[in-house]
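Here the structure comes first, spelled out in structure tokens, and everything after it is commentary.
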Amino acid sequence: MEFGVFHEFPRRPEQSDADAFAEGLELVDAAEHLGLDVLWLAELHLSPRSVLAAPLTIAAAIAARTTRLKIGTAVQVLPLVNPLRLAEEAATVDQISRGRLIFGVGRSGFARTYQAYGIPYAESRDRFAEALTIIVKAWTESSFSYRGTYHSVADVSITPRPYQQPHPPIRVAATTPPTFPQLGAQGHPVFGAVRQGTFSELAPDLDAYRAAYSAAGHAGRGEIYLRVPIYVADTAERALSEPEPSMTQFYRAMAAQLVESAKEPGARPEDRRRERGEALARLTFDQMGREKVVVGTPEMVADRLAELRDELGLSGILAELNCGGQIPHARVMRSLELLCTEVMPRFKNTTELARESDPLRDHHERPGRS
């Protein structure tokens, strides 16, 4: 099972941008040292609570200061950018990291950034599909042309090409029920999440994904990665009390955002934003612990993750260690340490641990690379 940390490079109200970057990179260094599999970068625009507006720029900085940690985007918001430029920039990160990029993509669930960028949110689905098609063509074809509704490309060939061939792994965020079988039919690994819903509500969507994946004739069962708030502490009392204010504040803010976004053009009834927002507004911390987050001692967290792995068929997790961004940095660092040293080893066999201890394993496995 793959272990990743989902990180937003949070900035507390009293904190400078410089200090927020410094703390974020300190967590990166610790993740590299502690043996974490992947560091996942959010993309947040116009947000006073985060300095992570340029994930590929941060990904390049991480590539330069690490040797084995994989670097993922969770997610790169495709409709907001020129896909040809993004293909070049992502390929650059893949090259300088020696093949450690995982390209996670999505279209974002809120319209505020689209308004600021001058892009109608109602166009987000079609823009996403066009952008992903162009990016894959740019990575896999020596030269190509494309004519779509929003983008046209005429006989171009990008440089650099990705280090990983045919291209970096692509994972796609799924948030609404119709999206899961669509991505299953396409054969994409998916990100699932329970920020808006619950673990039990996610299960039928994952079943629909697997059914469509199998019906389309793809090998295996499909890969599912769960983004989930996690907090690990030395005692159960601390694990419950320390993250509660931050997590509660986060879900209250998300409730208000969902209700507001339900009024935006392009919002669809099947997104159930108003319904989900109103449910989040009533959520208690006890309910969060049962339905949306994983908190506890290392043993408690490991047991709960094993249950979720078996119930949902997970290939890995994206642990959100500072849900709400208000947990003090020292406590987040301790949670990361416990996750990597006491939880993660329970899910790794000896062969996996030996393989992941070799920082040059990707280089060894690619004859002809220098």
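The values are calculated or read from the model by the stated rules, or taken from the named source; none is laboratory data. The model shown is predicted, which means the values in this text are computed figures rather than measured ones. Positions of Cβ are backbone-derived with ideal geometry, glycine not excepted, and every protein chain shown enters the neighbour counts.
Being hydrophobic (A, V, I, L, M, F, W, C) and buried (at least 16 other Cβ atoms within 10 Å of the Cβ) is the filter; apply it to the stretch 111-124 and report the residue that is nearest to Trp40 (Cα to Cα).
Ala111
Can you name the number of the only condition in (1) under 18 Å from the mean Cα position of the chain (by Cα); (2) at pLDDT 95 or above that Asp126 fails?
With (1) under 18 Å from the mean Cα position of the chain (by Cα); (2) at pLDDT 95 or above applied to Asp126, the lone miss is (1).
I'd like to verify a number: residues in the stretch 72-105 that are in contact (Cβ under 8 Å) with a residue 60 or more places away in the chain and either of a type in the set (A, V, I, L, M) or on the phi < 0 side of the Ramachandran plot (or both), how many?
20
Looking at Val194, Val228, Val259, which is the one that is under 23 Å from Leu308 (Cα atoms), β-branched (Val, Ile, Thr) and surrounded by fewer than 22 Cβ atoms within 10 Å (Cβ to Cβ)?
Details: Val228 fails: surrounded by fewer than 22 Cβ atoms within 10 Å (Cβ to Cβ); Val259 fails: under 23 Å from Leu308 (Cα atoms).
Matching residue, one of Val194, Val228, Val259: Val194.
It is to be established whether one or more residues within the stretch 125-143 are surrounded by fewer than 20 Cβ atoms within 10 Å (Cβ to Cβ), among the small types (Gly, Ala, Ser) and more than 29 Å from Ser47 (Cβ to Cβ).
yes
Exactly one of these conditions fails for Gln196: (1) touching a residue at least 40 places away in the same chain (Cβ under 8 Å); (2) assigned to a helix (DSSP H, G or I). Give me its number.
(2)
Any idea how many residues of the stretch 159-174 are in contact (Cβ under 8 Å) with a residue 60 or more places away in the chain and surrounded by fewer than 20 Cβ atoms within 10 Å (Cβ to Cβ)? Before you say what the answer is, go through the steps one by one.
Just the residues of the stretch 159-174 that are in contact (Cβ under 8 Å) with a residue 60 or more places away in the chain, to begin with: 159-164, 167-173.
Keeping just the survivors that are surrounded by fewer than 20 Cβ atoms within 10 Å (Cβ to Cβ) gives 159-161, 169-170.
Number satisfying all stated conditions: 5.
Give the residues of the stretch 6-20 that are under 12 Å from His329 (Cα atoms) and either hydroxyl-bearing (Ser, Thr, Tyr) or assigned to a helix (DSSP H, G or I) (or both), sorted by residue number.
Asp19, Ala20
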